[in-house]
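**Q** For reference, the structure I am asking about is given below.
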Amino acid sequence: MAISTEPEAALSVLPRADGSAKYSHAGYTVTASVNGPIEAQRRDEHAYEAVVDVIVRPAAGAGGTRERHLESILQSSLSQIILIKNFPRSLIQIVLQIESTPENDYVNTKLVQASLNFPIIPALLQTAVLALLSAAVPMRATATASVVAVVPEGQTKRMVVDPSPRDLDIAKSVHVLAFTSHDELLLAESEGDFTVKEWDDVYETAQRICCRPATTAETDMAIDDEAAGPDMRHFLRSTMETKIAADLHWK
Amino acid sequence: MPREAEPSLNEKQFLLQAIQENLRLDGREPDQYRPLGLTFGDEHGVADVTLGKTRVLARASAEVTVPYADRPLDGVFTIATELSPMASPAFEVNRPTETEVLLSRLLEKTVRRSGALDTESLCLVAGQKCWSVRVDVHVLSHDGNLIDASCFAVVAALRHFRKPDTSIEGGVLTVYTPAEREPVPLGWLHSPFCVTWSYFGDEGETALLDATRAEEQVRVGSCTISLNRHGEICQIAKLGGTPVDALMLLQCTSIALAKVKEISSLLDRKLDEDTKQRNKGGRAAELTAENDR
Amino acid sequence: MAATEQPIVLPGDAIDPSLIPTHKKQPLRLGPGLRHIPPSYIVPTVAGQLVTDQKKNSMWIEYNSTRYIPSANDLVIGQVQRSATDLYYVNLSPYTSNAMLPHLAFEGATKKTRPQLAAGALVYARVTLANRHMDAELECVSATTGKAEGLGPLVGGMAFDVSLGLARRLLMARSREAGGVEVLELLGAEGLAFETAVGRNGRVWVSSDSAKTIVLVGRALRETDEGDLGVEKQRKLVKKLIRGMR
């Protein structure tokens with residue numbers, strides 16, 4: 001099964017939600033819906049801010065503790081970029097439906113309940129950001145994310161961006177980093193054994209992918225190395241430009 | 001607690017008046033379905049169904065488990081439907097609403113209890129190991145008629161699904177990975193589909209097929225008929241609502257049969273197209289093991 | 001009003017200072033989609049096209065969405081939820097908290113002669129108060145003149161949902177030139193008799209003697225909205241619908 005190396009996205013795919021997006025990259029496909037700002041339940045409402053509620057539904061099986069963990073990570077990240085102070089006592093409801101994850105063809109997988117937490121976080125975050133943009137929920141910045149694994153290769157280690165399930169099996173550590181469009185670090189989760197130097201290398205790799213400044217086509221091809229991944233910011237911008245051009249066709 | 005948005009008096013009155021004049025908001029006939037779309041995923045067992053603006057995703061999966069103690073020769077088959085706020089902000093996770101309970105119950109009766117899937121074929125080692133097939137139904141968008149769309153998605157997903165091939169030698173079970181042996185389809189006996197009629201008027205005298213959400217909110221009764229293309233009825237559910245004339249019900253049932261034949265051939269066509277696309281190398285002929293029925 | 005450059009911006013983008021209009025006397029006014037971070041940062045909060053108006057010294061982001069957020073002086077179509085001692089609770093968009101409409105905020109209303117609105121009734125009202133800390137407030141009469149000026153209960157007819165962008169274009173003074181929407185005029189030109197009220201909260205009320213006409217107008221609006229139809233395609237759509245009707 002060919003795994004796409006370039007991300008793909010479609011916006012406003014769900015007609016009845018305020019905003020929605022479907023995003024796929026590196027074998028993960030996620031559909032997100034955003035509703036809000038709507039009225040929060042009395043027991044959930046906050047006097048001065050909007051409550052951001054994230055719900056993650058796995059592809060197969062009922063949700064469990066793993067999904068709750070993903071939800072809390074996403075909830076704290078998204079609450080920082082959404083302008084929650086604009087909507088006191090309201091609710092921004094984000095539902096993320098995982099549609100597919102990359103299969104490991106060589107192992108007979110028992111029903112896996114989203115045990116690969118980390119590599120799916122960038123896809124979830126990216127889909128949520130696209131859906132929020134489609135719903136026109138006011139935000140202070142956009143965000144991009146990527147996952148990097150530190151894989152041993154002989155005596156050395158190399159950074160693998162968007163690791164495959166096989167890479168993940170042999171990796172010594174896996175890291176997820178997200179950056180806002182102001183180059184601030186929004187999210188950093190790591191798992192495994194790693195040194196501070198390795199984390200710094202991971203940080204630089206992720207930053208290169210997520211924070212590539214908007215350059216013209218000729219100048220930014222100087223970045224070589226096998227860890228070069230897709231330009232997430234550029235992708236986000238071009239997806240939105242297409243959508244806005246369609247919305248404003250009447251101008 | 002769901003806070004369903006009620007339609008205004010103007011909307012209710014107009015819808016009822018329009019239906020009396022044989023007009024539907026989208027210009028359909030009373031017995032016309034909205035465009036029914038079906039796409040299969042890259043993996044086996046994923047069916048994405050669109051019925052107008054309603055969208056349902058069904059995903060079939062299987063794992064090896066221990067059979068129930070009182071049914072040692074049968075496999076396990078479950079259908080899980082859980083409506084999330086993605087379908088509508090009126091739904092909450094872990095708080096089943098009436099819609100959800102009814103949907104779950106109707107799918108259960110239509111697909112599970114009617115024996116569409118041959119659970120005996122799921123048995124691997126009597127009393128010890130069997131396949132547990134699970135279909136997860138995700139409603140992505142709710143614009144009415146979740147029942148018909150979900151049932152279609154479940155049946156499509158199950159017929160599209162392939163479980164890993166197995167063999168038993170001397171009491172030792174081997175489950176082959178997809179890389180070792182091509183996965184095989186499930187033992188399928190018949191394909192049931194649901195057809196839901198909605199009734200309007202003081203005596204339920206006007207019947208409409210495939211109601212949109214707005215039409216569902218003003219209807220006075222509904223009836224779901226589940227049957228397969230051979231005319232074998234799995235169940236008829238008319239749960240409360242205004243009483244409907246018996247002859248009208250019979251008429252609804254016969255129109256339902258015509259619709260099910262159309263839906264059934266659509267599914268067959270889509271499955272064929274999908275198979276052709278996957279097996280461009282021509283390996284399809286060697287691998288078919290399903291019953292033709 | 002073609003500006004020199006109308007860039008597409010994402011939330012948090014830096015705005016080129018040369019695009020910000022200046023005026024000798026009037027202060028700069030920020031419309032939807034922009035926020036001001038003192039002392040001098042203006043930042044977009046949504047994704048859309050940056051539009052500036054030199055004459056009025058204002059700038060805003062042009063974008064389309066479906067979730068209405070109340071703003072003062074908007075004309076909206078609300079649905080009465082229930083009546084309290086001296087006000088109605090009116091809902092402007094699904095799943096949001098209700099706005100308040102005083103019982104006496106109608107033309108010539110006194111305690112004995114005020115309109116009695118049942119739950120589920122539709123009203124055409126103006127937003128008088130809207131801020132994030134309070135529930136919105138409405139009126140069905142102009143505070144200055146005391147006349148209704150088209151506001152008040154909407155009886156009969158049917159309400160359709162449209163996107164906020166289309167609602168705004170329908171409300172423009174010159175909806176064909178400035179908003180690129182002509183579908184209602186075209187339907188009228190084909191001989192259909194109907195009246196409409198457009199709410200900035202994404203609802204359009206249509207009333208006519210003929211139910212068929214209302215259904216046709218509803219379909220025209222929906223297809224124009226969902227299909228992003230330009231004026232040419234709207235013409236074709238209207239012709240197709242009229243043909244289908246006859």
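**Q** Got the relative contact order for segment A:8-247 handy, in percent, Cα pairs under 8 Å and 6 or more residues apart?
**A** Over segment A:8-247, the number comes to 18 percent.
**Q** Would you mind telling me the antiparallel percentage of the DSSP bridges in segment B:71-167, rounded to 5?
**A** Counting DSSP beta bridges with both partners in segment B:71-167, the antiparallel share is about 35 percent.
**Q** Ordered by residue, what ³J(HN,Hα) values in Hz, to whole numbers, does segment A:64-77 give under the Karplus form 6.51 cos²θ - 1.76 cosθ + 1.60, where θ = phi - 60° and Gly and Pro are x?
**A** These are the phi-based 3J(HN,Hα) values: x, 4, 4, 5, 4, 5, 4, 4, 6, 5, 5, 4, 5, 5 Hz.
**Q** Find the accessible area per residue for the protein assembly as shown; the probe is 1.4 Å, ligands and nucleic acids are left out, and the unit is Å².
**A** Per residue, the protein assembly as shown has 46 Å² of solvent-accessible surface.
**Q** Which parts of segment A:127-141, residue by residue, lose 50 Å² or more of accessible area when the rest of the protein chains are there, as against the chain isolated (1.4 Å probe)?
**A** Going by heavy-atom accessible area, the residues of segment A:127-141 that drop by at least 50 Å² are A:Ala136.
**Q** If you don't mind, another one. With n ≥ 4 as the cut-off for DSSP H runs, can you work out [θ] at 222 nm for chain C, using -39500 (n - 2.57) per run divided by the number of residues, rounded to the nearest 500?
**A** The helix-only estimate for chain C comes to -6000 deg cm²/dmol at 222 nm.
**Q** Shifting gears a bit: How shielded is B:228-237 by partner chains, expressed as the average number of their Cβ atoms within 10 Å of its Cβ atoms?
**A** That works out to 0 on average.
**Q** Express the relative contact order of segment C:27-80 as a whole percentage, based on alpha carbon pairs under 8 Å and six or more residues apart in sequence.
**A** 32
**Q** Work out which residues of segment C:73-104 lose at minimum 40 square angstrom of accessible surface when the other protein chains are put back, relative to the chain isolated, with a 1.4 angstrom probe, and list them by number.
**A** Relative to the lone chain, where solvent access is computed with a 1.4 Å probe, segment C:73-104 loses at least 40 Å² at C:Gln79, C:Tyr95.
**Q** In degrees, nearest 10, range 0 to 90: what is the angle between the Cα axis of helix B:9-20 and the longest Cα principal axis of chain B?
**A** It is inclined by approximately 80 degrees.
**Q** Does any residue of segment B:115-148 lose at least 30 Å² of accessible area with all protein chains in place compared with its chain alone, and if so which ones (probe 1.4 Å)?
**A** Correct list: B:Arg134, B:His138, B:Leu140, B:Ser141.
**Q** Using just the helices of chain A, give the 222 nm mean residue ellipticity in deg cm²/dmol: DSSP H runs with n ≥ 4 each add -39,500 (n - 2.57), and the total is spread over all residues, rounded to 500.
**A** It lands at -9500 deg cm²/dmol.
**Q** Using only Cα atoms, locate the centre of segment B:1-65 and the centre of segment A:184-206, then give the distance between them in Å, rounded to an integer.
**A** Each part reduced to its Cα centre gives a spacing of 46 Å.
**Q** Farthest toward the dipole's positive end in the protein assembly as shown, which of C:Val238, C:Val206, B:Leu36, given Cβ charges of +1 (Lys, Arg) and -1 (Asp, Glu) about the Cα centre?
**A** Most positive-ward Cα: C:Val206.
**Q** Mean Kyte-Doolittle of at least -1.0 plus a Cα span of 20 Å or more along the axis: flag which DSSP H helices in chain C meet both, please.
**A** Long hydrophobic helices here: C:211-227, C:231-245.
**Q** Here is a further query. Sorted by packing (mean other beta-carbon atoms within 10 Å per residue), highest first, where do B:7-20, B:151-164 land?
**A** Most protected by this proxy first, the peptides run B:151-164, B:7-20.
**Q** Right, next: Over the heavy atoms of C:His23, what accessible area does a 1.4 Å probe trace out, to the nearest 10 Å²?
**A** 80
**Q** While we're on this one: Where a ≥ b ≥ c are the square roots of the eigenvalues of the C-alpha gyration tensor, would you call chain C rounded, which needs a/c under 1.5, or, failing that, prolate if a/b is larger than b/c, or oblate?
**A** oblate
**Q** At most 16 other C-beta atoms within 10 Å and a DSSP loop state: those are the exposed GluC sites (Glu not before Pro) I care about. Give me the longest piece of chain C that has none.
**A** The segment C:6-106 is the longest one with no such site.
**Q** Let me ask another. Tabulate in residue order the Karplus-calculated ³J(HN,Hα) for segment B:106-111, using 6.51 cos²θ - 1.76 cosθ + 1.60 with θ = phi - 60°, rounded to whole Hz; enter x for Gly and Pro.
**A** 5, 5, 4, 5, 6, 9
**Q** List the trypsin sites (Lys or Arg not before Pro) in segment C:134-171 that DSSP assigns to loop (not H, G, I, E or B) and whose Cβ has at most 14 other Cβ atoms within 10 Å. Which are they?
**A** Passing both the DSSP loop test and the Cβ count: C:Lys147.
**Q** Additional query: Say a site is exposed when it is one of the GluC sites (Glu not before Pro), sits in a DSSP loop, and has at most 11 other Cβ atoms within 10 Å; what is then the longest site-free stretch of chain A?
**A** Formally, the longest exposed-site-free interval is A:1-217.
**Q** With the full set of protein chains in place, find how many percent of the accessible area of chain C is carbon and sulfur; take the probe as 1.4 Å.
**A** 51
**Q** Now, a different point. Which chymotrypsin sites (Phe, Trp or Tyr not before Pro) from segment A:1-105 combine a DSSP loop assignment with at most 14 other Cβ atoms within 10 Å?
**A** A:Tyr48
**Q** Pop a pseudo-label 7 angstrom from the Cα along the beta-carbon direction at both C:Ala143 and C:Lys25 and give the gap in nm to one decimal.
**A** Calculated label separation equals 2.5 nm.
**Q** Pick from C:Arg114, C:Arg82, C:Arg29 the residue whose mean-square fluctuation is largest in a GNM of chain C, springs joining Cα atoms under 10 Å.
**A** Between C:Arg114, C:Arg82, C:Arg29, it is C:Arg29 that shows the largest mean-square fluctuation.
**Q** Compute for chains C and B the buried accessible surface, both sides summed, probe 1.4 Å, and express it in Å² to the nearest 100.
**A** 1700
**Q** Something else now. Just want the answer: with Cβ charges of +1 for Lys and Arg and -1 for Asp and Glu, which residue in B:Leu189, B:Gly75, C:Leu192 is farthest toward the dipole's positive end in the protein assembly as shown?
**A** It is C:Leu192, whose Cα lies furthest towards the positive end.
**Q** Mind checking the mean number of beta-carbon atoms from other chains within 10 Å of the Cβ atoms in B:85-97?
**A** Mean shielding by partner chains, rounded to a whole number: 5.
**Q** List the GluC sites (Glu not before Pro) in segment B:215-268 that DSSP assigns to loop (not H, G, I, E or B) and whose Cβ has at most 16 other Cβ atoms within 10 Å. Which are they?
**A** B:Glu232
**Q** Same structure again: If I build a Gaussian network model for chain A, linking alpha-carbon pairs within less than 10 angstrom, which residue out of A:Gly63, A:Gly192, A:Gly154 has the largest mean-square fluctuation?
**A** For chain A, modelled as a Gaussian network with Cα springs under 10 Å, the answer is A:Gly154.
**Q** How many partner chain Cβ atoms sit within 10 Å of a residue's Cβ in peptide A:19-31, on average, as a whole number?
**A** 1
**Q** In Å², nearest 100, what accessible area do chains A and C bury in total when the solvent probe is 1.4 Å?
**A** 2900
**Q** Moving on to the next point. Evaluate the charge dipole of segment A:8-247 about its Cα centre and quote only its size in Debye, nearest 20, assuming +1 on the Cβ of each Lys and Arg and -1 on the Cβ of each Asp and Glu.
**A** It works out to roughly 820 debye.
**Q** Then there's this: If I model a spin label at B:Ser254 and A:Ser76 as a point 7 Å from the Cα along the Cα→Cβ vector, what separation in nanometres do I get?
**A** 6.6
The values are calculated or read from the model by the stated rules, or taken from the named source; none is laboratory data. Fair warning: this is a prediction, and the values are worked out from it, not measured in the lab. No Cβ is skipped: glycine too gets one built from the backbone with ideal geometry, and neighbour counts run over all protein chains shown. All accessible areas refer to the heavy atoms of the entire protein, side chains included, with ligands and DNA or RNA removed. Shrake-Rupley method; radii C 1.70, N 1.55, O 1.52, S 1.80 Å.
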